[in-house]
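Engineer: Pasting a structure below so you can have a look.
The values are calculated or read from the model by the stated rules, or taken from the named source; none is laboratory data. The model shown is predicted, which means the values in this text are computed figures rather than measured ones. We place every Cβ from the backbone using ideal geometry, glycine too, and count neighbours over all the protein chains shown. Ligands, DNA and RNA are excluded from the accessible area calculation, which covers all protein heavy atoms including side chains. Shrake-Rupley method; radii C 1.70, N 1.55, O 1.52, S 1.80 Å.
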Amino acid sequence: MKKNFYITTPIYYPSGRYHIGTAYTEILTDSLKRYHKMHGEDTFMLTGTDEHGQKIQDKAKEEGLSPKEYVDLQAQKAKELWKLMKIDYDKYIRTTDEYHEKTVQWIFERFLKQGDIYLGEYEGWYCKPCESYWTESQLVDGKCPDCNRAVKLMKEEAYFFNMKKYTDKLLDYYEKHPDFIKPDYRKTEMINNFIKPGLEDLCVTRTSFDWGIKVLSNPKHVVYVWLDALTNYITALGYGQEDTSLFEKYWPANIHIVGKDIARFHLIYWPIFLMALDLPLPEHIYVHNFIMMKDGKMSKSKGNTIYPEQLIERYGLDATKYYLLREMPNNQDEIFTPEDFVSRYNSDLCNDLGNLLNRTISMINKYFDGIIPNYKGIVNQVDKDLEESVKVSVSNNKEFIDKFEFSNAIQSIWNLVSRTNKYIDEVEPWVLSKDNKIEELSSAMNHLASSLKVIAILIRPFMLETSNKILKQLGLNNNVSFEDLNNIYSFDNNKVIEKGEPIFLRLDTETEIEYIKELMNNH
Ligand code: MSP
């Protein structure tokens, strides 16, 4: 039976246009889903929008729309962007969907009955843009620790979730499941910054606005965004509803992908909610870092924002995804610069990968009339070295993905690209041809085509179009999976195309750096 694989993105606030940072979460999730699908797993990817809360209500008002009209429009725009980015999600949840709202109401009443939720009064420093209350000690220079904006002291009747009750159970869970949180240092952060100092009970309702899910037993309260938002991962599968088949099939999730700013909610509150519902916890939660600009966070007012569709329009989807996934390190933020973008494009994509394909296609045409020669075994030492490199790249790629080190996983593919380029220089096919060493020459062409086949398979989860182009130029079928990596050297008299088109056109560095800078300033 196929292994199930359930993966989720956060649900995004539909409060504006999504920049490349937001798109990063989606790209990473989509790539991982495709990777597992190509391994023959039965995959399910969830994404969506987090549509309640004061900020959304305010935004709608600014635009002269009702909250519902506003979120309908924004959700539509989000779906259009994901379509442009060819995101292969299986379900799109909106927290305003009726099934979600009803299930949240039911969960709330259940928590109330169980004594997990109680009525109290909340006083704290409230950051409106983040919709977060902070304690005095959490503020940084008297400002919101997340966004550095002004906070206001506020008080209101509110329901609380008794987090303290679950603290020990959570710590115990962390200890018994060392791979639950990835990377590991995020767990240490949670323990040291939030759990050890004493977990605060979480305020789960508001009375100060009404764009939210009403509490059934006390409708002047609306469920505050995090209880509403986090439960999307199970309501989307039918939990607490009539048809629970998806839930039974896919829960617990294999992985939630989240950015570091929402780590606390996913690593502490979400597991606790699940414990209170007596449900199993997801296998992994992966926390990624942020895409920053040289002068800090992306923001419209600073004029340093880049939107994914701008890069895609000019440089293509694959190049955009390649850059973002390749550049994001595991242990710190990535700084986007036009210089790096253009340099990655020209050196990694155009020079290294593009030229490798081009040289290979033209040599197979020149020496063998376009037919990829059959495997002759290892003819000389360089063939052996290359075969070894192929094995190492394939296994490193898998190991890094299993360890959630995505940038390193891509690096391992490009190690093979470089190694294969070096192979050409080492075997010097033009000399073999001149000396009429046909056996060695045909082995070289077979090895080059094989390496490119491997590369096309390994990049496929995140560079589908490029993978298709490579396979097509090699005269191969694009119906490939990771299983084909077990049989890379055999070809069936495949004929490469007569004249290979470059898959990435060289960019003029100066012009493109200026172009991207212009994009950043032009909003
Ligand atoms: N609605 C909540 C999530 C609820 S999930 C149950 C939310 N939405 S968000 O729209 O603000 O953010 C969505 C995702 O985008 C988060 O994972 C966030 O970390 C990510 N990013 C926002 N800016 C980012 C960067 N600059 N870089 C990388 N990811 C960033 O939070």
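Engineer: What whole-number value in Å² describes the accessible area per residue of the stretch 320-476 for a 1.4 Å probe?
Structural biologist: That works out to 37 Å² per residue.
Engineer: Spelling out what I want: for every residue of the stretch 325-342, take phi, set θ = phi - 60°, compute 6.51 cos²θ - 1.76 cosθ + 1.60 (Karplus), and round to whole Hz; glycine and proline get x.
Structural biologist: Ordered by residue, 3J(HN,Hα) equals 6, 6, 7, 6, x, 7, 10, 7, 6, 9, 9, 6, 9, x, 4, 5, 4, 5 Hz.
Engineer: List the residues whose amide H sits under 5 Å from the amide H of Thr205, counting only those 5 or more places along or on another chain, with H placed 1.01 Å from N in the peptide plane.
Structural biologist: Tyr159, Tyr224
Engineer: When all protein chains stay in place, what accessible area (Å², nearest 10, 1.4 Å probe) is found for Glu80?
Structural biologist: Approximately 110 Å² of Glu80 is accessible to the 1.4 Å probe.
Engineer: Continuing with this model, one more query. Write down the percent of antiparallel bridges among all DSSP beta bridges whose residues are both part of the stretch 148-292, to the nearest 5.
Structural biologist: Antiparallel: roughly 45 percent of the beta bridges in the stretch 148-292.
Engineer: Taking Cα atoms, how many degrees apart are the long axis of helix 98-114 and the longest axis of the chain, rounded to 10 and kept between 0 and 90?
Structural biologist: Roughly 50 degrees between the two axes.
Engineer: Hey, which of these cross-link pairs are over 21 Å Cα-Cα: Lys321/Lys398; Lys143/Lys164; Lys91/Lys249; Lys79/Lys321; Lys37/Lys453; Lys59/Lys294?
Structural biologist: Going by Cα-Cα distance, Lys143/Lys164; Lys59/Lys294 fall outside the 21 Å limit.
Engineer: Please give the length that would be gained between Glu399 and Glu283 if that part of the chain were fully extended, namely 0.36 nm times their separation in residues minus their C-alpha to C-alpha distance (nm, one decimal).
Structural biologist: Once the chain is fully extended between Glu399 and Glu283, it gains 40.0 nm.
Engineer: Can I ask one more? From the backbone phi of the stretch 383-392, what are the Karplus-calculated ³J(HN,Hα) couplings (6.51 cos²θ - 1.76 cosθ + 1.60, θ = phi - 60°) in whole Hz, Gly and Pro given as x?
Structural biologist: 4, 4, 4, 5, 4, 5, 4, 4, 4, 4
Engineer: At 1.4 Å probe radius, can you tell me the per residue accessible area of the stretch 56-186 in Å²?
Structural biologist: Accessible surface, normalised per residue, equals 55 Å².
Engineer: How large, in percent, is the carbon and sulfur part of the accessible surface of the stretch 311-487 at a probe radius of 1.4 Å?
Structural biologist: Solvent-exposed carbon and sulfur of the stretch 311-487 make up 44 percent of the total.
Engineer: Tell me, how many Å apart are the Cα centres for the stretch 415-441 and for the stretch 126-187?
Structural biologist: 58
Engineer: Related question: Taking R0 as 60 Å, what FRET efficiency do you get between His177 and Arg359 from their Cβ-Cβ distance, rounded to the nearest 0.05?
Structural biologist: Calculated transfer efficiency: 0.80.
Engineer: Separation between the Glu80 and Lys434 pseudo-spin-labels, each 7 Å from Cα along Cα→Cβ, expressed in nm?
Structural biologist: In this crude spin-label approximation the distance works out to 5.9 nm.
Engineer: Once each part is reduced to its C-alpha centroid, what is the distance from the stretch 258-328 to the stretch 66-80 in angstrom?
Structural biologist: The stretch 258-328 and the stretch 66-80 have Cα centres spaced 21 Å from each other.
Engineer: Using only Cα atoms, figure out Rg for the stretch 248-353 and give it as a multiple of 2.2 N^0.38 Å.
Structural biologist: Ratio of Rg to 2.2 N^0.38 Å for the stretch 248-353: 1.39.
Engineer: Let's see if you can work this out: charge +1 on each Lys and Arg Cβ, -1 on each Asp and Glu Cβ, no other charges. What is the dipole magnitude of the chain about its Cα centre, in debye to the nearest 20?
Structural biologist: Working: 65 positive and 79 negative charges, 45 e Å.
Dipole magnitude for the chain comes out near 220 debye.
Engineer: How high is the FRET efficiency from Lys155 to Asp184, r the C-beta distance, R0 60 Å, rounded to 0.05?
Structural biologist: Once rounded, the FRET efficiency stands at 0.95.
Engineer: Under 5 Å between amide H atoms, partner at least 5 residues away or on a different chain: which partners does Leu507 have, H built in plane at 1.01 Å?
Structural biologist: Those lying under 5 Å, H to H, from Leu507: there are none.
Engineer: As a test, work out the antiparallel percent of DSSP beta bridges whose residues both lie in the chain, rounded to the nearest 5.
Structural biologist: 50
Engineer: Continuing with the same structure: Would you mind estimating how fast the stretch 311-487 diffuses translationally, via Stokes-Einstein at 4 °C and 1.567 mPa s with the Kirkwood radius over Cα pairs, in µm²/s?
Structural biologist: Taking Rh from Cα pairs, D becomes 76 µm²/s.
Engineer: Moving on. Between Phe5 and residues 5 or more places away or on another chain, which pairs have amide H atoms under 5 Å apart, with H built 1.01 Å from N, and which residues are they?
Structural biologist: For Phe5, the qualifying residues are Asp42, Thr43, Phe44.
Engineer: Ok, one more. Residue-wise, which Karplus ³J(HN,Hα) couplings in Hz belong to the stretch 351-364, taking 6.51 cos²θ - 1.76 cosθ + 1.60, θ = phi - 60°, and x for glycine or proline?
Structural biologist: Per-residue couplings from phi come out as 5, 6, 6, x, 5, 4, 5, 4, 5, 4, 4, 6, 5, 5 Hz.
Engineer: Hey, another quick one. With just the Cα atoms of the chain, tell me how far they stretch along each of the three principal axes, in Å, largest first.
Structural biologist: Projected onto the principal axes, the Cα atoms of the chain cover 88, 51, 40 Å.
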